[in-house]
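Report on the following structure.
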Amino acid sequence: MLTRASVALRACSAARGARALAAAAAASPPPPLSPGTAGGEQPPSGAPASAAASPTAADDRMDFPGGSVPFSRSPAWVGGAFSPRAPLPCYRTLDASGREVPGAAVPHPLSREVAVKMYETMVRLQTADTIFYEAQRQGRFSFYMTSSGEEATAIGSAAALSPDDVVFSQYREQGVIMYRGFTLLDMANQCFGNMHEQGRGRQMPIHYGSRALNFHTISSTLTTQLPHAVGAAYALKLDKRDAVAVAYFGDGAASEGDFHAALNFAATLGAPVIFVCRNNGWAISTPATDQYRGDGIAGRGPGYGVATLRVDGGDAIAVYNATAEARRVALEQQAPVLLEAMSYRSGHHSTSDDSSRYRAAEEMRQWRARDPVARFQRWLVDQGWWDDAADAAARQAARREVIQALEAAQKAPKPPLSSMFEDVYAEMPWHLEAQQRQVMAHVAAHPDACPADIPVK
Ligand SMILES: Cc1ncc(C[n+]2csc(CCOP(=O)(O)OP(=O)(O)O)c2C)c(N)n1
Ligand SMILES: [Mg+2]
């Protein structure tokens with residue numbers, strides 16, 4: 001059994017609970033800055049300490065509108081080559097094979113019901129990813145992205161959220177919306193762009209969204225979802241709602257200016273938002289090592305005054321606990337939290353990519369051996385909550401459901417051509433009416449201009 005540190009942690013005050021988790025996660029806390037580089041007035045180099053004039057209360061600090069900082073008599077450089085620091089540690093509860101790490105803090109133990117739901121969702125996600133990917137390769141729809149290697153990040157975090165929490169996702173977190181209740185048929189309808197999907201074919205495949213599930217429609221314009229999430233979180237705060245906003249994004253997306261604007265706005269407004277970065281090592285063909293020179297994405301959080309935790313993104317239990325703590329801190333302190341989930345994109349970036357062109361087969365093989373779904377399954381089996389027969393049945397059922405969903409979605413009618421002018425304005429303005437007339441006249445004159453399966457009306 002895992003150490004049920006939750007019992008002790010829950011007894012702690014709110015603030016102590018957060019610190020306890022951070023402390024338990026810290027295998028080796030970063031060393032303090034060396035004397036003379038920060039932390040107050042120091043005697044000039046070479047001068048005996050006794051010879052240094054003792055500063056008065058008034059002149060040992062600089063008080064300015066943005067805060068109060070201590071003076072130092074030596075140039076207090078930090079960062080880069082001046083003060084290399086140990087990387088922030090990565091919180092985990094399971095080892096690479098799925099065995100419990102002795103002594104790991106688990107402030108929010110998983111119930112059997114939640115754990116099994118998480119695993120069954122992982123199985124459906126893996127099955128959907130495999131078959132949807134193949135369906136795209138067969139030309140049945142135009143594009144797909146898998147979340148292979150990152151299933152535990154999406155589903156572990158989703159399980160720790162409330163249905164009232166508002167999600168803003170990038171594009172590789174379909175496990176989150178699935179966990180919330182988006183069906184395989186909903187996914188297939190969106191990928192085929194048929195009349196049953198809420199976007200009515202106006203988005204590329206994989207741009208899921210659901211008002212009912214509090215999941216904003218995906219926009220693949222990287223990082224735009226982060227400022228949106230901060231705004232939503234601020235609205236939740238003003239309305240005194242018991243809910244947070246959650247923004248998912250990749251390591252590459254964190255290089256956009258919107259990342260920095262979002263963190264700073266969230267910190268200064270005190271917005272209850274959880275930023276979940278999936279650092280999967282790659283932004284298409286650009287390795288994470290080309291994205292930054294600091295300590296990953298987590299290293300930036302403290303600079304913005306944002307509570308930050310690095311977590312093993314392949315450990316569903318660690319991600320669940322990190323997210324549950326992040327949610328508690330965000331709500332109690334009305335402040336943002338940054339999680340950096342360390343993971344690996346085991347598949348190609350998308351169906352438009354061939355990752356064997358830019359990364360080593362050995363790297364992929366090593367990461368696939370740490371498959372997050374297999375790790376979580378090992379743990380479930382160790383609890384006596386899962387076995388081979390249950391696994392085979394779940395995979396067979398998922399396979400049947402995915403195939404049925406794809407067949408039904410492919411057969412469903414497409415929305416009529418005129419629908420592309422609808423849903424933005426309550427009443428269609430004159431310029432859209434004019435454009436609609438032009439399109440209809442064009443298609444009447446050139447029937448081949450419109451795909452045969454789109455009703456012209
Ligand atoms: C503003 C913007 N710039 C560039 C792109 C093209 N693009 C799509 S995905 C991607 C890489 C993103 O990598 P990351 O955020 O690490 O997510 P991952 O694909 O690894 O999950 C890029 C550059 C885009 N969609 N939007
Ligand atoms: Mg990435």
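The values are calculated or read from the model by the stated rules, or taken from the named source; none is laboratory data. This structure is a prediction, so every number in the text was calculated from the model and none was measured. Please note: Cβ atoms are built from the backbone with ideal geometry, for glycine as well, and neighbour counts cover all protein chains shown.
Values computed for the structure shown
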{"item": "When residues of segment 251-272 are limited to those that are outside any helix (DSSP H, G or I) and within 16 Å of ligand 2 (Cβ to nearest atom), the one farthest from the chain's Cα centre (by Cα)", "result": "E256"}
{"item": "Every residue from segment 264-273 that is within 10 Å of V306 (Cα to Cα) and buried (at least 24 other Cβ atoms within 10 Å of the Cβ)", "result": "A266"}
{"item": "Scope segment 361-390; condition at pLDDT 95 or above, outside any helix (DSSP H, G or I) and not charged (D, E, K, R); matching residues", "result": "G384, W385, W386"}
{"item": "Positions within segment 201-254 being surrounded by 18 or more Cβ atoms within 10 Å (Cβ to Cβ), of a type in the set (D, E, K, R) and over 17 Å from A266 (Cα atoms), in sequence order", "result": "D251"}
{"item": "Boolean, Y144 is more than 17 Å from the chain's Cα centre (by Cα), more than 16 Å from ligand 2 (Cβ to nearest atom) and not in a helix (DSSP H, G or I)", "result": "yes"}
{"item": "Residues satisfying the stated conditions in segment 273-318, i.e. charged (D, E, K, R) and either away from ligand 2 (no atom under 15 Å from the Cβ) or outside any strand (DSSP E or B) (or both)", "result": "D290, R293, D295, R300, R310, D312, D315"}
{"item": "Residue match in segment 170-181 (condition: without any contact (Cβ under 8 Å) to a residue 24 or more places away in the chain, out of contact with any Leu (no Cβ under 6 Å at 6 or more places or on another chain) and either within 16 Å of ligand 2 (Cβ to nearest atom) or over 24 Å from T323 (Cβ atoms) (or both))", "result": "no"}
{"item": "Any hit, segment 226-234, residues being closer than 28 Å to R359 by Cα and within 16 Å of ligand 2 (Cβ to nearest atom)", "result": "no"}
{"item": "Neighbours by Cβ (under 6 Å, 6+ apart or cross-chain): first from segment 232-256, of a type outside the set (A, V, I, L, M); second away from ligand 2 (no atom under 16 Å from the Cβ) and assigned to a helix (DSSP H, G or I)", "result": "Y234/L269"}
{"item": "Counted residues, segment 87-115 - those being in a loop (DSSP other than H, G, I, E, B) and either farther than 16 Å from R370 by Cβ or among the hydrophobic types (A, V, I, L, M, F, W, C) (or both)", "result": "16"}
{"item": "Options I317, I274, I284, I297; residue that is modelled with pLDDT of 95 or more and on the phi > 0 side of the Ramachandran plot", "result": "I284"}
{"item": "Residues of segment 278-311 satisfying the condition of being within 9 Å of ligand 1 (Cβ to nearest atom) and under 15 Å from the mean Cα position of the chain (by Cα)", "result": "R278, N279, N280, G281, W282, A283"}
{"item": "Residue that is part of a helix (DSSP H, G or I), modelled with pLDDT of 95 or more and touching a Pro at 6+ places or on another chain (Cβ under 8 Å), where the choices are E407, E332, E401, E325", "result": "E325"}
{"item": "Checking H216 against (1) touching a strand residue (DSSP E or B) at 6+ places or on another chain (Cβ under 6 Å); (2) within 16 Å of ligand 2 (Cβ to nearest atom), the condition it does not meet", "result": "(2)"}
{"item": "Selected residue (criterion: farthest from G347 (Cα to Cα)) from residues of segment 253-277 that are near ligand 1 (Cβ under 9 Å from one of its atoms) and of a type in the set (A, V, I, L, M)", "result": "A254"}
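Yes/no per residue for (1) on the phi < 0 side of the Ramachandran plot; (2) among the hydrophobic types (A, V, I, L, M, F, W, C); (3) surrounded by fewer than 16 Cβ atoms within 10 Å (Cβ to Cβ); (4) free of Cβ contacts under 8 Å to residues at least 24 places away in the same chain:
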residue	(1), (2), (3), (4)
A392	yes, yes, yes, yes
A405	yes, yes, no, no
P413	yes, no, yes, no
S419	yes, no, no, no
M428	yes, yes, yes, yes
E433	yes, no, yes, yes
